[in-house]
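This report refers to the structure that appears directly beneath it.
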Amino acid sequence: MRIRVSARCPGVPIRALQGLCVMALGAGTASAQTTVTLSTANTQVWSNTLRGGTYANTNNSNTLETRAASDLSYQRHALIKFDTQNTIPEGSSVSSAILTVTVKEGSGDASRRIGVYQVTTSWEEPEATWNQRKSGMSWGTRGGDFGSQLDVETVGNASGTRVSFDVTALVKQAVAGELGTSRYTRLALKDLDSATSGSWRSYYTAEEGTGSDRPTLKVTYGGSSSTVTSTTTTTGGKTLRVLHWNIQKGGHDANGSSDVDRIVSWIAKMNPHVISINEIESFNSYYTGDGVAMYKSKLESAMGGTWYTWEAQDYGVWSDKGLRSAVFSRYPLLSNYRHIFSAGTLKTVGGVMISFNGRNINFMTTHFDPYSAGARQTQASELKSYMSGFAEDRIVCGDFNEQASNLSSITGSYYDAWAVAKSKGIAYAASDNPDGNTRNSRIDYIFYSRGEQHLTLQKVTVVDTRNSSDVMASDHRPVYAEFVVQ
């Protein structure tokens, strides 16, 4: 919302979080969380490139590359291994594990889908080739023994592009000792798109002199557990990262100063797959150009790859200037749609369908009227009816300008992600914001289907974006959620 007077959060300031690692734990957690980042060559991380055809017996431990090619001599798979055996205590409860690689060079294709996989057998960096995993020992399948797919991201071709993959499920199993006698984490990167001459990507290796360019595995864990069970790999599930944020007047901080790059920087830290943004401004005094296109460009520069967008002008005049609610997706849009409610000043919803882990998901963004409770009640009822015309699974995000207790039309048919997470002890926020307020109260929501049970909530964070001057990046806090999609 943009009408009410902004108020600073009370209590002790919590400075900008590093990514989404919050030290305030959910209910029932016995000890503080620890985050380690593995990046040191030959002691924490090893890498290799497997290349087929005439190079099938050549060791390529000085490179880290992917390429899709019909000729095996040009095809490349990247291998990365991390020592999670000696750096993380066995049985630790892993809550997050993120692999990050940085593009060194890329050829013609502007974007490629790169999948990260478990490597199911051991391999040695100075010995591995397309044909063998270590001296005298062949791969079960030439080109590498790959297990489950853990994540897929779109990777651009610009040098310096950083790409992060969620590998939490595998690291949980490795640390728990569920993968056999070794607790190392072994990964492979593979190009999933069709073979082209422009598909080649080279990534910085662990030997790179600039530490920030090396492959890293950032693992957050806390407490001990006698058993740690993966929530995703046994059933083929995959984690969908969802973000909703009202960015105030196109990207103004809580004091009203424009800082679009700060907004983009925070989004990049959260690394979502799909985003709902309220209050993007276009063709007016706040931003004279196309605000949605501007954010798309900045996200692509900051995060790499292609973002797909769809917007709904908040007043229902689709081509007019002013406020927009927009969807940004890492995945192509299978369809898009939008609707005008019968009541209210701000009164639209826009949505898209994406495919994620083989499931079609209808993802919608809305911004309810800030002035009239009666209009909001009408909008809630109409939104429920409108959404029912779209296939499950459904996720709807937005600034509803209303308390959850007054949104029974929605909450009777959809789960409130924060409320569910709070009840399960997987809701996180700054220590001076235990209720997960997104502004002066909790008015921003991520709702998801009660019908089809393909979405399993993993955690929700109301992210604290305060800087060293205690000023939030917007007058609203973003809401971030992770779902395993089965």
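Each value in this text was obtained by applying a stated rule to the coordinates, not by laboratory testing. Not measured: the values here are computed from a predicted model. Here the Cβ is made from the backbone with ideal geometry for all residues, glycine too, and neighbour counts use every protein chain on show.
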Item to check | Contour minus Cα-Cα distance for N284 and N131 (0.36 nm per residue) | outcome: 49.0 nm
Checklist entry - Can you give the extra length, in nm with one decimal, that the chain gains between S342 and S469 once fully stretched, where that is 0.36 nm per residue apart less the Cα-Cα distance? => result 41.5 nm
Checklist outcome for this item: With +1 at each Lys and Arg Cβ and -1 at each Asp and Glu Cβ, the charge dipole magnitude of the chain around its Cα centre, to the nearest 20 debye, comes out at 280 debye
Next on the checklist: With n ≥ 4 as the cut-off for DSSP H runs, can you work out [θ] at 222 nm for the chain, using -39500 (n - 2.57) per run divided by the number of residues, rounded to the nearest 500?
Outcome noted: -3500 deg cm²/dmol
Checklist entry - Can you work out D for the range 333-398 in µm² s⁻¹ from Stokes-Einstein, where Rh is the Kirkwood radius over C-alpha pairs, the temperature is 37 °C and the viscosity is 0.692 mPa s? => result 267 µm²/s
Checklist outcome for this item: For the range 33-229, the Kirkwood Rh over every pair of distinct alpha carbons, in Å, works out to 16.7 Å
Checklist outcome for this item: Scaled by the rule-of-thumb 2.2 N^0.38 Å, the alpha carbon Rg for the chain gives a ratio of 0.99
Checklist entry - Modelled label-to-label distance, T35 and T54, 7 Å Cα→beta-carbon offset: nm? => result 4.7 nm
Checklist entry - Roughly how large, in nm² to one decimal, is the mean projection of the convex hull of the alpha-carbon atoms in the range 363-455? => result 6.2 nm²
Checklist entry - What value does the range 163-211 have for Rg/Rh, both radii from Cα atoms and Rh as Kirkwood defines it? => result 1.08
Checklist entry - Going toward the positive end of the dipole of the chain, with +1 on Lys and Arg Cβ and -1 on Asp and Glu Cβ, which of S282, W318, T345 do you reach last? => result T345
Next on the checklist: Over all directions, the average projected area of the alpha-carbon convex hull for the range 238-485 comes to how many nm²?
Outcome noted: 12.3 nm²
Checklist entry - Quick one: Cα centre-to-centre distance for the range 174-225 and the range 330-387, in angstrom? => result 37 Å
Item to check | Diffusion constant of the range 80-165 at 20 °C, which comes from Stokes-Einstein with the Kirkwood Cα-pair radius and 1.002 mPa s, µm²/s | outcome: 140 µm²/s
